[in-house]
Amino acid sequence: MDLHRRPTSFRERLLEKLSAESQVVVEDPWEPLLRKLKGRVARDGIERISTHEVFDHLEIPMKQRAGKAHRLSRVMRKLGWSNVRSRGLNRGSYRDRVRGYARAPQRE
């Protein structure tokens, strides 16, 4: 038994508990859906997916997408994806700058 250690007060124990609770990370509801997401692996070995395809996967209507792009970016980065802008085919089948995400392919 350590005689030099003073017992912690109720206030100290409460502050310690509140500090521990504040460090709990709340998972975004999109995270479980996006964990399963797979992009296309190109010849260079990088897996890519467009932002449009990700929103389609989440079933977010076009009208609501503008306000949710920042949230999507934060969740995708947490899951190991990087934001990219590249030239690619878009829905109209012509080459255009496409925003999306890229990562090294995941091993299963």
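The values are calculated or read from the model by the stated rules, or taken from the named source; none is laboratory data. In this text the structure is predicted, and so the values were computed from the model without any measurement. With ideal geometry, Cβ positions are generated from the backbone for all residues, glycine too; neighbour counts draw on all protein chains shown. All accessible areas refer to the heavy atoms of the entire protein, side chains included, with ligands and DNA or RNA removed. Shrake-Rupley method; radii C 1.70, N 1.55, O 1.52, S 1.80 Å.
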* Among the residues of region 70-82, which ones are over 10 Å from TYR101 (Cα atoms), in contact with a helix residue (DSSP H, G or I) (Cβ under 7 Å, 6 or more places away or on another chain) and in a helix (DSSP H, G or I)? -> LEU72, VAL75
* To do: Within region 87-99, identify whether any single residue is open to solvent by less than 70 Å² (accessible area, probe 1.4 Å), touching a strand residue (DSSP E or B) at 6+ places or on another chain (Cβ under 8 Å) and at pLDDT 90 or above, and answer yes or no.
  => no
* Of all residues in region 16-61, how many are part of a helix (DSSP H, G or I) and at pLDDT 90 or above? -> 13
